[in-house]
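Here the structure comes first, spelled out in structure tokens, and everything after it is commentary.
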Amino acid sequence: MTYIFLTVGILCLLYCAGILISGVFGSWFFLIWGAAGAGFMALAWMWKNNIISRLPAAVKLLLVIVLAVFLFIEGLIISRFHSKGEPGLDYLIVLGAQMRDSGPSKALALRLDTAVTYLEENEATLVVVSGGKGSNEPVSEAQGMFDYLVAKGIAPERIVMEDKSTNTKENLEFSKKLIPEAASVGIVTNNFHVYR
């Protein structure tokens, strides 16, 4: 078990470092991988030094439950990594992420580039860019996405801005109000975010 915990811990830390180095993040939430890596490394150390066997049964049960929940949720997230949208949708919703002074964060730019490709292949599809202005952002995410898409050749009349949302739930709720009831809709986000 020591080597299993150690391996999973190293993989979590490497994944966290990879996200940090690549810059493909729109918030600091990816640091959860660093925390998970440290936790698995601690479990490896505890297992190797026979500390786990000396823990009370309730603590052992709690560790098993936390580990099972973590692995289950990560399995669900990974299961949606390669989800693809169907062609010919009426609308796309591009979920917002960090806007910087220099433009969209890498995570947001990846979402937008995916939307551009889809919109070029599906000329009747409209796009809702969804995201308000955070305290550390120069413009609303929606405005930044609008500007990016127009610069990439997407006609302004194909873009609907939703600039009031502050989280993923609001992105979807507020965007839904801008889309006809019977429309077919796809959501554009990063692979790690799809299951959410």
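Does Thr7 count as farther than 30 Å from Val150 by Cβ, open to solvent by less than 60 Å² (accessible area, probe 1.4 Å), modelled with pLDDT of 85 or more and among the polar types (S, T, N, Q)?
no
Please work out if Val139 is open to solvent by less than 50 Å² (accessible area, probe 1.4 Å) and either touching a strand residue (DSSP E or B) at 6+ places or on another chain (Cβ under 9 Å) or within 21 Å of Trp28 (Cα to Cα) (or both).
Against the criterion (open to solvent by less than 50 Å² (accessible area, probe 1.4 Å) and either touching a strand residue (DSSP E or B) at 6+ places or on another chain (Cβ under 9 Å) or within 21 Å of Trp28 (Cα to Cα) (or both)), Val139 does not qualify.
Can you tell me which residues in segment 149-183 are under 23 Å from Glu123 (Cβ atoms), touching a residue at least 12 places away in the same chain (Cβ under 8 Å) and open to solvent by 50 Å² or more (accessible area, probe 1.4 Å)?
Lys152, Gly153, Met161, Leu178, Pro180, listed by residue number.
Evaluate segment 69-79: report whether one residue or more is at pLDDT 85 or above and part of a helix (DSSP H, G or I).
Within segment 69-79, one or more residues are at pLDDT 85 or above and part of a helix (DSSP H, G or I).
Return a yes/no flag: does segment 109-130 have any residue that is of a type in the set (Lys, Arg) and either in contact with a Lys or Arg (Cβ under 9 Å, 6 or more places away or on another chain) or open to solvent by 70 Å² or more (accessible area, probe 1.4 Å) (or both).
Taking every residue of segment 109-130 in turn, none turns out to be of a type in the set (Lys, Arg) and either in contact with a Lys or Arg (Cβ under 9 Å, 6 or more places away or on another chain) or open to solvent by 70 Å² or more (accessible area, probe 1.4 Å) (or both).
Criterion first (at pLDDT 90 or above and assigned to a loop (DSSP other than H, G, I, E, B)) does Leu149 satisfy it?
Considered against the rule, which asks whether it is at pLDDT 90 or above and assigned to a loop (DSSP other than H, G, I, E, B), Leu149 comes out as no.
Considering only segment 78-94, I want to know if a residue exists there that is open to solvent by 80 Å² or more (accessible area, probe 1.4 Å), of a type outside the set (A, V, I, L, M), in contact (Cβ under 8 Å) with a residue 60 or more places away in the chain and more than 20 Å from Ser175 (Cβ to Cβ).
yes
Consider only pairs whose beta carbons are under 7 Å apart and that are at least six residues apart or on different chains; among these, list those whose first residue lies in segment 44-58 and is closer than 11 Å to Thr2 by Cβ and whose second residue is aliphatic (A, V, I, L, M) and loosely packed, with under 13 Cβ neighbours inside 10 Å.
Qualifying pairs under 7 Å: Trp47/Met1.
Mind listing whichever residues of segment 166-180 are modelled with pLDDT of 90 or more and not basic (Lys, Arg)?
Residues satisfying the conditions are Glu170, Glu173, Phe174, Ser175, Leu178, Ile179, Pro180.
The values are calculated or read from the model by the stated rules, or taken from the named source; none is laboratory data. What you see is a predicted model, and the numbers here were worked out from it, not measured in a lab. Methodologically, a virtual Cβ is constructed for each residue, glycine included, from the backbone with ideal geometry; neighbour enumeration extends over all protein chains shown. Please note that ligands, DNA and RNA were not included when accessible areas were found on the heavy atoms of the full protein model with its side chains. Shrake-Rupley method; radii C 1.70, N 1.55, O 1.52, S 1.80 Å.
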